[in-house]
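Read through the structure below, which is laid out as structure tokens, and then see the notes.
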2 protein chains.
Amino acid sequence: MTTETARLNDVNIEAVGALVGAIQQDSKKADTVWKAEVSWKGGFASEAQIREFAPIPSDEPSGLGGTDTAPNPVEQLLGALGNCLVVGYAANATVAGIELTDLRIEVEGDVDLTTFLGLGAGHAGYDSIRVKVHLKSDAGPAAIDELHSAVIASSPVGHTLLRPIPVDIELAAHPLAGEQ
Amino acid sequence: MTTETARLNDVNIEAVGALVGAIQQDSKKADTVWKAEVSWKGGFASEAQIREFAPIPSDEPSGLGGTDTAPNPVEQLLGALGNCLVVGYAANATVAGIELTDLRIEVEGDVDLTTFLGLGAGHAGYDSIRVKVHLKSDAGPAAIDELHSAVIASSPVGHTLLRPIPVDIELAAHPLAGEQ
């Protein structure tokens, strides 16, 4: 249908196509497991190790008791959402033959600290998250609207936030046993 | 009640106490807004800028069409959860007078790529997330169980995942207008 090359938007759409083909042959290939390992560095500082990459540092602002050396976890969550939406726009634009010339995404959200600080029971997380997408393209408005809808319908981090996800948090073993 | 100093677990619990006092005087001080700004770098690569910190790089593995230079967004989400839980354990342990000697958190989750890849409508996000907390402390099992419960009851990122959050994603302006 389209005439884009593998270089449209610098996206390797052929690799995506190969994965799609593999999943069409064997639906189990769609099942993926992702991991992070987080190490405490004292105070409210920590690092998230993901595969072989440089760890993602974390801290809290000084007003929240941290040493303010890195983005805090709720900020990292917003970054993950924006980074995920970028992949969605780049992938879906490329499939549709739309060239993006610029893409910048602003993400913000509101947290009421009452529950986190132990001042009351309730919801400790984001009450709402707002995303503003700035994109540049010569594609027409109908194509851009279709692109936007496709991204919202398929965003892994977006859907993880929009829907309740079972999160099972357990202590690995009795800490008195010197569990490492 | 307890005799810990401000240095227990290297946590500046006095700063947290000052914030708690300020919120008890004026509940509006519990309302916080957090932000990230994400810039596309071509292909599936991007960076999340948070305040003045070094940006958090993002990419996808080559099998998913990326250039595999950084953790991908769904991995970043798991890192944010683990980093958030660290703050929860460190803060609540310190308030309870519990010394933590080590803390390491493994996070993993399952994503079915079917929806992300456009092979079907449905849930594109995590189906489930599992967290294993390895902590070392001389505190007794009852105190550790209480600590664990307090963390789960008050985790901002944990609650954001466990509950459906309104996420409003909009295009900033018509892209044909050359919106920057």
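Name the single residue that is farthest from the other protein chains (Cβ to nearest Cβ) among those in the range A:121-168 being of a type in the set (D, E, K, R) and under 25 Å from B:Trp34 (Cβ atoms). Applying the filter and picking the extreme gives A:Asp127. Mind listing whichever residues of the range B:31-81 are among the hydrophobic types (A, V, I, L, M, F, W, C) and within 30 Å of A:Ala18 (Cα to Cα)? The answer is B:Val38, B:Trp40, B:Phe44, B:Ala45, B:Ala48, B:Ile56, B:Leu64, B:Ala70, B:Val74, B:Leu77, B:Leu78. Among the residues of the range B:92-123, those that are on the phi > 0 side of the Ramachandran plot and either in contact (Cβ under 8 Å) with a residue 40 or more places away in the chain or buried (at least 16 other Cβ atoms within 10 Å of the Cβ) (or both) comprise B:Gly97, B:Gly118. Scanning the range B:102-158 for residues that are part of a loop (DSSP other than H, G, I, E, B) and either of a type in the set (A, V, I, L, M, F, W, C) or touching a Gly at 6+ places or on another chain (Cβ under 8 Å) (or both) yields a total of 13.
In the range A:1-64, counting only strands (runs of 3 or more DSSP E) that sit wholly within it, the ones holding 1 or more residues that are more than 7 Å from chain B (Cβ to nearest Cβ) span A:46-49, A:56-58.
Read the figures in this text as sums done on the coordinates, not as results from a lab. All figures in this text were calculated on a predicted structure; none of them were measured in a lab. A quick note on method: Cβ atoms are made from the backbone with ideal geometry, for glycine too, and the neighbour counts reach across all protein chains shown.
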